[in-house]
Each structure stands twice: as structure tokens, then as C-alpha cells.
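Comments concern the structure below.
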Amino acid sequence: MNLSDTFLHPDRLLPTEVPVLKMARELYEGVTDLPIISPHGHTLPQWFANNQPMGDAADLFLTPDHYVLRMLFSHGVSYEDLGVPRSDGKRGASGKAAWGIFANNYHRFLGTPSRLWIDHSMNWAFGIEAPLAPHNADEYFELITSRLQEDDCRPLALLDKAGVDYIATTEFALDPLSHHAELKQSGLSSRITTTYRPDDITDPDHADFQSNIRAVGELTNQDIAGWDGLIEAHRIRRSFFRQHGASATDHGVPSARTVDLPNAAKQDLLTRILCGDQRPDDSELFRAQMLTEMAGLSCEDGMVMQIHAGSRRNTDPRLVKNFGTNLGADIPTPVDPVAGLEPMLQRYGFVENFRVLFFGLDETVYTRELAPLAGYWPALRLGPPWWFHDSPRGIARYLDGMVETAGFHNLAGFNDDTRALLSIPARHDVWRRCVCSFLAHMVTGKTLGKLDASEIAHWLCLDAAKDAYRIG
Amino acid sequence: MNLSDTFLHPDRLLPTEVPVLKMARELYEGVTDLPIISPHGHTLPQWFANNQPMGDAADLFLTPDHYVLRMLFSHGVSYEDLGVPRSDGKRGASGKAAWGIFANNYHRFLGTPSRLWIDHSMNWAFGIEAPLAPHNADEYFELITSRLQEDDCRPLALLDKAGVDYIATTEFALDPLSHHAELKQSGLSSRITTTYRPDDITDPDHADFQSNIRAVGELTNQDIAGWDGLIEAHRIRRSFFRQHGASATDHGVPSARTVDLPNAAKQDLLTRILCGDQRPDDSELFRAQMLTEMAGLSCEDGMVMQIHAGSRRNTDPRLVKNFGTNLGADIPTPVDPVAGLEPMLQRYGFVENFRVLFFGLDETVYTRELAPLAGYWPALRLGPPWWFHDSPRGIARYLDGMVETAGFHNLAGFNDDTRALLSIPARHDVWRRCVCSFLAHMVTGKTLGKLDASEIAHWLCLDAAKDAYRIG
Amino acid sequence: MNLSDTFLHPDRLLPTEVPVLKMARELYEGVTDLPIISPHGHTLPQWFANNQPMGDAADLFLTPDHYVLRMLFSHGVSYEDLGVPRSDGKRGASGKAAWGIFANNYHRFLGTPSRLWIDHSMNWAFGIEAPLAPHNADEYFELITSRLQEDDCRPLALLDKAGVDYIATTEFALDPLSHHAELKQSGLSSRITTTYRPDDITDPDHADFQSNIRAVGELTNQDIAGWDGLIEAHRIRRSFFRQHGASATDHGVPSARTVDLPNAAKQDLLTRILCGDQRPDDSELFRAQMLTEMAGLSCEDGMVMQIHAGSRRNTDPRLVKNFGTNLGADIPTPVDPVAGLEPMLQRYGFVENFRVLFFGLDETVYTRELAPLAGYWPALRLGPPWWFHDSPRGIARYLDGMVETAGFHNLAGFNDDTRALLSIPARHDVWRRCVCSFLAHMVTGKTLGKLDASEIAHWLCLDAAKDAYRIG
């Protein structure tokens, strides 16, 4: 038996016990060819608008993938040697040299979802049939790099090949959405759309907050020094995003805190922040109030609100300084959804038009807080396991913790949340396999009928996401 | 295969692998017919004292079951439409109409313990052999409603049929225990008893605290403005409850905090609270001190102390205002038993006569705090998984987390903690199946002998509860 | 079937499903005879330096084992009756009487790792083939006690028999290391070595801190009233420990907090502490700064830094007063590694020569903080499951939580951390069995190749520890 014995084995991630495996296979066969709905992610709209070749193998698999970069760094490889562009413009190693390091260290990824995703991606997109290793590093680099120049490997062709029926990118509030405008021109805006992520104007700790908030005032012709003007500016930008196809907003926040302040207190808070007269808690307070405001606007315009809470960003200042953000030094922290979301939910949690999806990185709140909250509030649905927890064991823990208290119908299905275009089918496939394994255990354990299991598999692998995001 | 293929399958919740299943079946056969001891719950004493028919199907399965109401609410059904009586006296939908909504949404409960309990309850009490569904909703409603009028479906007959040898209700400190007095008259007080739950006079945040505490002073002829008088009042009420069969007290607290203040500080605290001169932390401090006082009284009178800690009550003020409390908007919060219980345990944790059972909703403390505490302090035993965690996976996580550090003999067995009379045998059955599955895995995994497993199954399914509550 | 049916069954702790079991057995056969590396523990150096008989059965299995004492105490047995020496010099029960109590209560340990370890220890060292029980208590006591007098049961012979190639004890900073000096004389210092654990001079809450810190100043001829002198004193003691073979330091701290203060603030802090002018947070602050200092010294001298964080020590003051410390009343508490370790990691986490191993008792940080941190910082590796979590289920949770995000190569392998010499092979065996079970599930679940699994088993059972501790 050699290394490649298990390379993309058709039964991977399914149960091993024969009757359970058979049931899981049957369920999986029912969902494996479903189209992919990717309602939240970080692919770039210019890929689809320009539809140009995507560079070399390292540009595709290495430099944009923070999961990969961080793991290699943890084993003593520098970001320079991985070819990550420096903030000062100096480029480090060549793609090919970086790729060699990646191949030499590919065993570091054993047991991680990154390896599952990359194996799968290399196979479906490039027909590769054995894992990356030192002896095939150059061969694979050349193969992938040359295939990427061909028409069937351009971004839109890849979406077709992957069966992606719908994909949303994520843009900040000030984004002109020019690529999405082009996509609209091309008749692609119902398939490739955007998401309103106003962190650039809701987070006073954002480096460019002050200039951003002035810019949004000018862009919308609102006096953002007044609270009502600020909210009106959001209302206008949300409308602009909806015109480009957006059905959802997204909010990345360090904590799950919301507040619902009286009007005068809101205005005072805004004034302090704009005048540089901030108190220690003001940034947190502003973010907390803005979440409630966004919920209020969602009640008006029906945009689905997403909250991604609990990442401690930029924990290595050297990395930020030399290379930038989102490169692997963001670490989860505890969140407190039960107290945190209370003001927002008490205000809007029962409004028929309101829907909020919560994503967290703190698994301890699954059974204690999130499932109980989602099993009560009509507006709340539970986002799928996020980031480090978007993994076979993470999915198992998520289903183990959520389903008994929240049921299946308060879950928002799956979304891949990825920057790595090729990993999209791989990630959905891992989710589908793990869901079918979970359900197969229930069927053989006699706590779920086979027909119910089949319907729920379909729900979790497709319908739940469409329903949660009000798509199509 | 159709929906009802798995309806109450005899092997439900048991392992699927054949040798493990056989062992689990064998263990389960040894405990399935054991009598039921229900030492903690929220059934109503008037049901047993009056022994009248219990209303219609909705009165039984729907309106009193906060698990069911909350889930339906989370899917957009209003409490009005579920027929829950409003605080202003207006009744919403009829039982039959509400039942129809319940049936239409019964698939929402797939994967939840509610469905296991309700399927089981409908079957054992009414002979129903397929799950509730839209097409049988009316039929089941009529069947259940008419059966409920028959003598063999009255509360006492149901206790007999379910094999309940012992059941404790829960009453507040001021309760006159008149129903229990009737039960005593009928010679039923050793089978149906009460529990002293003095939250009405230990929690200054209770709406009627001030009048309650004056009332208990008058009732016991004590000066409750003095600390010693207050404690004496408790002593008298505890004795009154014991005369009505109580062997235990129960304390519902938001946190696990206890304190052991000097006498003067206790008196000052009481005085501030009674005079409306409360400081921000005083309510919490008073509850914390009262836990320690209750522990001291337990040392005197041998009543078993129960602490149910960590529920954030009434998180939806609209629900409370319109319909009342305990209807589904209570959400778990983190607890801190290691620091919280320390003052009480340092004072009384080694006293031979003292026994305290701790119940929490924060599973993160299982391995970190609760099992280590119970594996040290003689007085402390671990209550079974509570509320949302009284579920197959919740039980699995509980046993997984507790047993290695606390052993089996520091566990308090099972109690159902239910308001739903018919769910009692269903809940005990789930516990028994899950316990036998856990033990069967240990036997086949060669870490527990079969004879030991059989003894431990008996312990966890009957003896542990009797021993923990000093029954019989 | 009787009690002894499962006594040390060759397949214990391995999976039950046949194909998975076969794979696990095959992996286990590949690691079962590997030598034992024990790079962290609490055996006593005098045992090896003097190599004298180890007393009676109770001296070996009962009085030094806090896991055993605490469990028996939780069931109402006093430390006196267990023969634990009192602080006032009075000895309680005889070894034989205590042993009888132990045997009568041996069923209390069903399901706990203590029973696995003790069964295993009694078998490999004394050939015992059935579990301790009331009927064999005297026989076993005599057998063990008399065998202990024989040459092949002296400490060094036991190390040989157990296949221990390397073992590190742990000594405080002021320790003269005289036993290690003797071991060096005997040519044993590369096999039996020490660890620098300066808690006696880094923790201002230590009872003898003030005299200890003066003592280390005299011993090293440094002015410890100045910050530089204090650090130099550490530098000198670390060098002294290295001369006696130490490759690592160890730090027991209540929290994971580190700080990186400016020089003036460090000096002010030290001055306040030495002058008895301490502020409430100063002890914590001093420990936090000393961790960062120790990291800095590790960068210089290459000693591997171990942090054991999150034990609340001495939670029963009666026990401490009457019998002393480390006897079972230490309880885990939450830790906050992501914020806590940040100052130290930002300062030194990328330094090539620096390595820090983190051990915690708070399993909630496995997936949320520890695995993400170790998957980024080059210096950080994850210590094996510690204390209560060094158990079959604890190991399973550890691997489940850590591997997907940190990979296998950021784990530090196993160490037994034990005071119980005979339990060393038993503990390593449990780890090896559980690791092989975990890997066997991955192989049969088609997510890991067999060859990879075999290499990783070898890594986790031997090489990882050697590599983490930079041993030979």
C-alpha cells in the first residue's frame, strides 16, 4: 500500500461499518450532483468579470491560501520564501521555488482539511491522481501552470465545471462594484453577485475609518455627522448593492455584542468618535449599535444579515507590517452570543422580514447558546461551521451540538467562505459527505427514517442555503 | 421504507455494530423493566391529589411543553396560534387548531429529543404506532382527547402504568402544600412528595420578593429582618416540607456563586435589601450567601440540596409580558463552579450529612470543573444532563466527560425534571438506552467487564438516584 | 464471564469494528516496543541516585497518588485512614490497613484511567493477573511488598524493565541537584536528568518567595533587587541545571497570562514586591513578566520552555493544613491562551532557537485557541493532554480537536507527567493505543494512507517527544 491508496477514495469521510456505509453512500449519491450554491465567500469579482487566466500554480494554491501559509510558517518557513508579496513591494521567492517548499512540506498537512481540499482541487481541475510530493513538485507545477492558460480553466469555465449555480463575493461599503456592473452587463448578475460588508464604515478601529465615513457621506450626499444621515447613507449603499444583485449583508466583528441605545446616546457616541474624543469602550459600542441598526435596515429591505463574530485579527504585528492582513495570524476568541445578541434580538428577533445568520469560532457556545437561541428566535439561523471548523471533525461537532436543540430547519446549510476558487467543490463535497455520514448513523441507529434522512440531506446540501439567503 | 420504519424501533439509540448492539441489548434488557424513580420534576401535585382527566391532546402535549412551543415559534408560529393562554386572559387558538399546526410542523422536530419523547408518549399511553403528521392530526387529536377521559388515563393510573415508584414535585417556600396534605391523607405521600424550592424568598430579583419574605416571617412567626430569624424561618419551612415527605431542596440560580460572609456582613446585606438600599451586586451576593445557608441547614436536617445553575431567564420580554414565564425563552449561560462553589464546599463539603447535587447547562465545565470537583468533595454528586442536554447526544457527552474523572459512583443517576407527565417513561428510557450503549462500548472495547457493566447499568438507572436523594 | 475477563485484554482501548481493529493492531504492533522517552514528570531523583527498595504496596500505589486519594476521599474515606502522613507528623493508618480500604473501594475506579494504570502496573511489575478486590487485598499487599525488596524491583531495574531510555525529573530553582550530581558521577545523567522549574522564585504568592529570592541572589552572587541581577541569577541557575543534563524548563502558572513591560515598569514591579508594597495584580503581573523573561532566556540558551497553565491549587485549606499540597484538591480553571500568550509570542514566537510547549486543563481552548496558535507560531508546540485529560477519552478529544488545525507535527508527542514510577509504561501504553485507534479510523475512513499512518504513529509515540525536547 502506498501513499496514494487513499487519494480521493470514493468512500472517504464516510462511515466504515458496512451497513452505515451503504446508507451513507445512498444518501450521498442523492446529493453529490446537486448544483452548488455559494452564498458567502471571498472570491474576487474581477476574476469573473475579466475571465482571464489565473496565473501559476503557486498563485492559485499557495500565496492566497492563509491556511497553507500559516501551517508552513509554523514549521519555520518564512512568508518571503513562500513568495508572498511584501508590503514594501519586494517579492520573495518565485512561484516555482515556493511550490518546491510547499511540496517538501506537504506531509505537514496530513490530517488537515487543507490537504483534503487541495487533493480534491488538483484532481477535479487538473486530473492529478496522486498527492503532491517532492518528486512530483516540478511536474505538477508545470502541468497546473500550463493548464491554467487554457480556456477551460478560466474562472467562468471553472464555475461551470464545478456546477456553481450561484456565488456571492463580498465587498466593502465604499466599493464602486464596477466588476459587478460589468457582470450585470454580461447578464451574469443573477449568478455572480455581491454582499454588502460595511465594516469599513462601521468599525472605528479600522485604519481608514475616518476617511471612509466621510467618503460614504459624500458618495450618498448625506450628513454622516448626524445619526440619521449615517443610517440613510447605509440605506442608500444597501440599495446600490441590491441593484447589483446582493441579497445579503455581512459583518465581521470581534465580539457578538449588540446594544440598542436611545437616540441621544447614539448621536453622542457618533460625535465623540468623529471628533476624536473617543472613550475606551466607544469602538465596541459603536460596532454593537451598528449591528442593531443593520438589523433594523434588514427589516426594511429584506437583506439577510450575516454576523461573523469572534476572530482576534492581526495577532502578529510583524506579519501585518511586512505582508498585510488576512494571511494567517487571526485567531479565534470566546464569544458571548446569549448576552451579546440579546438587545438586537429583543428589538427585531421576531420581525417576519428579518433574518440573521450567526457564524462563530467558539464551539463552546454551540450547545450552550447558539442552538438554544436559534430554537427560539424566528429571525435567527445558524451559519455552518466556519474557518478552522469547516473540517470533517468540525462539521461532526457542529451537527452533534446543534441539531438536537435547534433541529435541522434552523440551520443555514453550507457556505464555503473561501478565497480559493478551486476549493469550492471540495469544500461542498466534504460537507455533503459529513452530512450524509451523520444522517446514515441516525438511520441505522433507528432515530431517523430513510425518507426523512434523504429529504434532510437535500435540505442541508442545497435548499437550506437557498432558503436562508432568500435565493431564487 | 416509509416514515414509520423507525418509529420506536426496539433498537433505537443502541449501537449499530452487531457485537456492541448485542451487548447493549443485553444490558438494556436488565434495566428496561426497573421501576422509575423521579426525584426531581415539575409535575403538578393537584394532578395526583385530584386525579381528574387531563384535558385534550393539546393541553397534554403542546401548551405546557416549552421545548415544543419554542421550536414552533422559531419557525414563525405565534404563541397565540398555539393556544397558549395570554396573561390578559384572552385565549388564542382552540386546542384542535393548535394541534393542526403542531402536526404540520412535526418534521421540525426530526433529530430532537422532543420527537423521541412525544412518539414514545403517544405510543405507551395511547397505542399510537406512527408519527404525528398532517394526515392523521385530527384522528390523533380525537383519539387522545377521548382516551384522556377514561379512568386508565387519569394521573394516578398513568403513574402506575409507567411504573413510577416515586415522584417529587417542586414547590416554593410559601406554598401551603395543601395538595400534598391531601396526598398524605390518601396514604400517597411516600410515593408522591414535594421539594423545598425557596427561590421565592432567596432571590431579591424575584418580582414578589419583598412581600414573600414578609409573608414567610408571618407564617413562621419569625423576625426576618434579623439574619437569625430569616434562617430560622427557613428551618421551620424545611421541617414543614419534610413533614409532607420532602427529602430534598432545590435552588435555581443564574450563577454558581456562593459566599460565606461574616455575620455582620450578612446582617448588613439583609438590611440593605429589605430597606430598598441595594447595591448593584447585592442580589447576587444574597443568593450566593443563601446557598451557603441552605447547605448549612442541609447539614442539620439531612435534606439533599440541588443546585440548578446557569439559566438566563426571560430573555424575551414580549413573551413574558404577553404569556408569562417558563415558556421557552430561557437560555443557558456560562457558569463557574470551581470558583463559585468554593466557599460553600470549603465550609461544608466534607460534612458527612451534607449532600449537594449540581446541575448545569454549560457543558464546558464537565471535564474542566465538575468532574474534578465531584472526584474530590464527599458532599458533591453530579446531577444528570439537564434540560437541552437531556438528549441522546447530551447524555453521551455527559458520560464521555464525567466518568473518567468522577467515576460512576459520584453520579446522581437520572431525573427527568419534566412538566410533561407522559414524557416521564420516555425520558428514563432514553437515559437507559444511552447508558447501556455507553457501557456496551466499554465492554466490547475491553475496558469494563460484563458483570461490572451490568451492575453499573443498574446503579445508573435506579440505585444512584435512590442513593443520591436518600430515598427508601 | 467474570470481573477479570477484560483485565488487560490485548485489544483494550482499540476499536471494536473488525477492519478498524486489525488496522489499529497493526499500527500498535509497530510502536508497542519502542523505548519510552519521559521528558516531563515528577519521579524523585533520589530513587534513582540511591536505588533503594521502594517500601510497601501502599507506599507505591496509594499514598503518593493524588488521583487515588482524591477519589477515595470523595467517597467518604479520610486521608488519615489512607495512611497519608499528617503535617504534624502523626501517621494515620498502616499501609496494610489503608490497602484494605483501597481494595474495598477499587470498584470506585471503574471507568477511570487510574484503574487502567494500576491494573497495568501491577501486572507488568508483579505479574498480577486479576484486579485488586477485597478477597485478594492481603495477598497482593504481601506479594507486592515482598517483591519490592528484590533487586529487580529497585528503581533503576524498573526503568530498565519498562524500557525507559530517558527520564526527566523536575526541581525548583534553589535545588542543589545533589542527587543529579550523583547520577552524573554514575554516568547516568544523560538518561536521568532534571528540569528547571523556578516557580519558587517566580511566584510571589509562593509561601517562601521572599526568602527564596534572597537565597537565589546569594547562591548566584547577584543583586536580585535589580531586575538585571534577578535575570542574571536565573541565567546562572539555568546553566547549572544544564550542567546536570537539563534540556527544559517548566512553569506552573494559574493563568496563561504573559506581559512584556518596559524596563522601568519591570524594576518598579520588582521593587514593590520585594518591599512588601504589592498591589492586587502584582503577583499575576510578576508571573506574567517572568514567563516572557524565561522565553527570552530560552532564546539564548536553547532550553525548551514548558508552560503548565490553569490549575487552581489548594482549593481545600483543611487538606493543605493537615496534610500538605499536591494531594488532590487542585482543580482546573479556564485559561485564555490567545490573549494570554500574545505578548510573549509577539516578542519571541518567531525566534528560531525558541521553543515553548503549552499544557492546559481547559479543553475548550483546544479548537478555539491552542490549535490555531500552534498552527501559526513556529515556537509553539502543543503538550499532550494533561492530568485529568491524560485518559482514553481525553486523548481522543485532544486528537479530535487539535489535529485538523495544528496537524500532527505541531504536537509534542507524549509525556507521562507522573509521580508514580510504575505507571510510566501504563500511561505511555494508553497513549499508544489511543493514537493507533485514532489513526486506524483515519485509514479505514480513507483519509490517511497506511504508510503515513504508520509514520505518524512512530512520530507521536517517540520522535515527537525527542524532537520537541531536543533530546539526543
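Values as computed for the structure displayed
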item	result
Test result for C:P392, facing another protein chain (nearest Cβ under 10 Å), within 23 Å of C:R470 (Cα to Cα) and surrounded by fewer than 24 Cβ atoms within 10 Å (Cβ to Cβ)	no
Whichever residue in segment C:461-472 is assigned to a helix (DSSP H, G or I), surrounded by fewer than 24 Cβ atoms within 10 Å (Cβ to Cβ) and not basic (K, R) and, among such residues, is farthest from the other protein chains (Cβ to nearest Cβ)	C:L462
Some residue of segment B:2-13 being crowded, with 21+ Cβ neighbours inside 10 Å and outside any helix (DSSP H, G or I)	yes
Residue in segment C:448-458 that is within 28 Å of A:A329 (Cα to Cα), of a type in the set (A, V, I, L, M) and either within 9 Å of another protein chain (Cβ to nearest Cβ) or out of contact with any strand residue (DSSP E or B) (no Cβ under 7 Å at 6 or more places or on another chain) (or both) present	yes
Number of the exception - A:C299 against (1) closer than 22 Å to A:E232 by Cβ; (2) buried (at least 22 other Cβ atoms within 10 Å of the Cβ)	(2)
Total residues in segment B:39-53, condition out of contact with any His (no Cβ under 9 Å at 6 or more places or on another chain) and farther than 19 Å from B:H308 by Cα	3
Options A:R214, A:R154; residue that is of a type in the set (K, R) and either within 23 Å of A:H251 (Cα to Cα) or at pLDDT below 95 (or both)	A:R214
Filter result for C:Q222 (buried (at least 18 other Cβ atoms within 10 Å of the Cβ) and more than 21 Å from C:M305 (Cα to Cα))	yes
Members of segment B:32-42 found to be surrounded by fewer than 24 Cβ atoms within 10 Å (Cβ to Cβ) and not acidic (D, E), listed by number	B:T32, B:L34, B:P35, B:I36, B:G41, B:H42
Selection from segment A:178-211 of residues that are surrounded by 21 or more Cβ atoms within 10 Å (Cβ to Cβ) and over 30 Å from A:D429 (Cβ atoms)	A:P198, A:I201, A:T202, A:P204
Per-region count, segment C:338-389, residues facing chain A (nearest Cβ under 8 Å), surrounded by fewer than 24 Cβ atoms within 10 Å (Cβ to Cβ) and charged (D, E, K, R)	2
Residue list for segment C:53-105, restricted to those being aromatic (F, W, Y) and either more than 26 Å from B:V351 (Cβ to Cβ) or outside the structural domain of C:I144 (by TED's automatic domain parsing) (or both)	C:F61, C:W99
Enumerated helices (runs of 4 or more DSSP H) restricted to segment C:140-209, each holding at least 1 residues that are farther than 22 Å from C:W124 by Cα	C:178-185, C:199-202
Test: residue in segment B:258-275 that is assigned to a helix (DSSP H, G or I), small (G, A, S) and surrounded by 21 or more Cβ atoms within 10 Å (Cβ to Cβ)	no
Hey, B:I36 within 27 Å of B:Q306 (Cα to Cα), of a type in the set (V, I, T) and either within 14 Å of chain A (Cβ to nearest Cβ) or under 24 Å from the mean Cα position of the chain (by Cα) (or both) or not	yes
C:A24 vs. criteria assigned to a helix (DSSP H, G or I) and in contact (Cβ under 8 Å) with a residue 12 or more places away in the chain	yes
Test: residue in segment A:213-221 that is touching a Phe, Trp or Tyr at 6+ places or on another chain (Cβ under 9 Å), of a type in the set (V, I, T) and free of Cβ contacts under 8 Å to residues at least 40 places away in the same chain	yes
Subset of segment C:448-460 (residues that are part of a helix (DSSP H, G or I) and touching a Ser or Thr at 6+ places or on another chain (Cβ under 9 Å))	C:K450, C:D452
Given (1) touching a Phe, Trp or Tyr at 6+ places or on another chain (Cβ under 8 Å); (2) touching a residue at least 24 places away in the same chain (Cβ under 8 Å); (3) of a type outside the set (S, T, Y), index of the condition C:V77 fails	(1)
Helices (runs of 4 or more DSSP H) fully within segment B:298-400 counting 2 or more residues that are closer than 29 Å to C:V320 by Cα and in the same structural domain as B:D429 (by TED's automatic domain parsing)	B:337-340, B:342-348, B:371-374
Residues of segment C:321-337 satisfying the condition of being more than 11 Å from every other protein chain (Cβ to nearest Cβ) and either buried (at least 18 other Cβ atoms within 10 Å of the Cβ) or among the hydrophobic types (A, V, I, L, M, F, W, C) (or both)	C:F323
Failed criterion for C:R214 (all others in (1) closer than 28 Å to C:F48 by Cβ; (2) assigned to a helix (DSSP H, G or I) hold)	(1)
Test: residue in segment C:410-430 that is part of a helix (DSSP H, G or I), in contact with a helix residue (DSSP H, G or I) (Cβ under 9 Å, 6 or more places away or on another chain) and at the interface with another protein chain (Cβ under 8 Å from one of its Cβ atoms)	no
Scope segment C:431-447; condition within 8 Å of chain A (Cβ to nearest Cβ) and part of a helix (DSSP H, G or I); matching residues	C:H441, C:M442, C:V443, C:T444
Residue within segment C:316-324 that is at pLDDT 95 or above and touching a helix residue (DSSP H, G or I) at 6+ places or on another chain (Cβ under 6 Å) present	no
Every residue from segment B:331-345 that is in contact with a strand residue (DSSP E or B) (Cβ under 9 Å, 6 or more places away or on another chain) and farther than 30 Å from B:P317 by Cβ	B:V338, B:A339, B:L341, B:E342, B:M344, B:L345
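The values are calculated or read from the model by the stated rules, or taken from the named source; none is laboratory data. All of these numbers come straight from a predicted model, not from anything done at the bench. We place every Cβ from the backbone using ideal geometry, glycine too, and count neighbours over all the protein chains shown.
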